[in-house]
Amino acid sequence: MAKVLVGVKRVVDYNVPIMVKSDKTGVMTDGVAHSMNPFDEIAVEEAVRMKEKKVISEILVVSCGPPRAEEEIRTALAMGADWGIHVQVPEKDYESLQPIHVSKILAKLAKENNVDMIILGKQAIDDDCNQTAQMTAGYLDWPQGTFASKVEKTDGEVTVLREIDGGLENIKLKIPAVISADLRLNEPRYCTLPKIMKAKKKLVKKVPIAELDVDLTPRMEVLRVDEPPVRQCGPILPDVDTLIARLREAKLL
Ligand code: AMP
């Protein structure tokens with residue numbers, strides 16, 4: 001039965017208001033709450049549901065991140081994944097780790113561990129790149145089903161319903177394949193305390209990034225990061241007639 005690799009990224013929690021660093025080199029991450037990228041929770045949930053349906057046999061979770069990324073791996077293990085690989089990235093280098101590097105790492109680990117399917121989030125909410133799944137499929141020369149809102153796995157094949165501009169597309173892929181999870185694929189489960197406790201005993205293999213022998217040369221340079229412009233508050237009008245008159249004045253009606 002198939003073995004699935006799920007990628008989980010440690011990101012600034014979606015509830016945290018993002019602040020740009022004073023030197024404009026990036027956003028503040030020190031002392032800020034982090035959690036698993038929300039689309040990755042959906043990817044883990046999908047893999048766990050497949051295992052519950054007995055269409056896959058094993059779930060390997062991979063996170064390339066700083067020491068505390070083990071927390072995201074443990075969360076995935078508490079949700080039902082079997083074991084994890086923590087690709088250890090020094091804290092100072094994490095911000096400069098780009099999708100092309102992660103793709104090479106995931107492709108390498110997928111081959112080394114005889115994985116049949118990779119499920120990733122459609123995008124990480126910190127960089128909004130939406131590149132890793134596509135590039136991982138490229139490096140492996142595997143078919144890809146991105147923006148999945150429904151996944152059905154049968155023997156040797158997987159059917160993916162994709163959310164695309166203007167509708168839904170149904171595609172069939174031969175496995176091995178790469179899938180990226182969209183928002184409506186499922187609703188991730190909460191982890192119960194017994195499962196969190198059990199997850200502490202599951203295997204998390206530590207692999208320093210330097211040992212993977214992957215080219216980590218940056219392909220992209222961040223020139224500067226700015227806060228979005230503050231939106232001006234609109235006028236409050238007394239009634240609908242005034243609103244219509246204003247819209248006519250502005251030639252919007
Ligand atoms: P991105 O292309 O950066 O928007 O990321 C898309 C997806 O790739 C994420 O939702 C994760 O599933 C996976 N991914 C990206 N970065 C990492 C990382 N550092 N470790 C593990 N998985 C990652």
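The values are calculated or read from the model by the stated rules, or taken from the named source; none is laboratory data. Just so it is clear, the model here is predicted, and its values are computed rather than measured. Because the Cβ atoms are built from the backbone with ideal geometry, glycine has one as well, and the counts that use them run over all protein chains shown.
The table that follows gives values for the structure above.
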quantity	calculated
Filter result for Lys3 (surrounded by fewer than 19 Cβ atoms within 10 Å (Cβ to Cβ), away from the ligand (no atom under 13 Å from the Cβ) and in a strand (DSSP E or B))	yes
Number of the condition not met by Ala76 [criteria: (1) among the small types (Gly, Ala, Ser); (2) modelled with pLDDT under 95; (3) within 15 Å of the chain's Cα centre (by Cα)]	(2)
Only listed residue being in contact (Cβ under 8 Å) with a residue 60 or more places away in the chain and among the aliphatic types (A, V, I, L, M), chosen from Ala210, Ala245, Ala250, Ala199	Ala199
Selection count, segment 125-142, where residues are in contact with a strand residue (DSSP E or B) (Cβ under 7 Å, 6 or more places away or on another chain), over 21 Å from Ser57 (Cβ atoms) and surrounded by fewer than 23 Cβ atoms within 10 Å (Cβ to Cβ)	3
Qualifying helices (runs of 4 or more DSSP H) (wholly inside segment 49-124; at least 3 residues being touching a residue at least 60 places away in the same chain (Cβ under 8 Å) and among the charged types (D, E, K, R))	70-79
Residues that are among the aromatic types (Phe, Trp, Tyr) and either closer than 24 Å to Lys51 by Cβ or part of a strand (DSSP E or B) (or both), drawn from segment 130-142	Trp142
Options Val12, Val16; residue that is within 16 Å of the chain's Cα centre (by Cα), surrounded by fewer than 23 Cβ atoms within 10 Å (Cβ to Cβ) and under 25 Å from Val225 (Cα atoms)	Val12
Residue count, segment 143-167 (criterion: in a loop (DSSP other than H, G, I, E, B) and out of contact with any helix residue (DSSP H, G or I) (no Cβ under 8 Å at 6 or more places or on another chain))	4
Any hit, segment 225-248, residues being in contact with a strand residue (DSSP E or B) (Cβ under 9 Å, 6 or more places away or on another chain), small (Gly, Ala, Ser) and surrounded by 11 or more Cβ atoms within 10 Å (Cβ to Cβ)	no
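Matching residues to (1) away from the ligand (no atom under 14 Å from the Cβ); (2) at pLDDT 95 or above; (3) under 16 Å from Asn186 (Cα atoms):
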site: Leu106; (1), (2), (3): no, yes, no
site: Asn130; (1), (2), (3): no, yes, no
site: Met135; (1), (2), (3): no, yes, no
site: Thr146; (1), (2), (3): no, yes, yes
site: Arg162; (1), (2), (3): yes, yes, yes
site: Asn170; (1), (2), (3): yes, yes, no
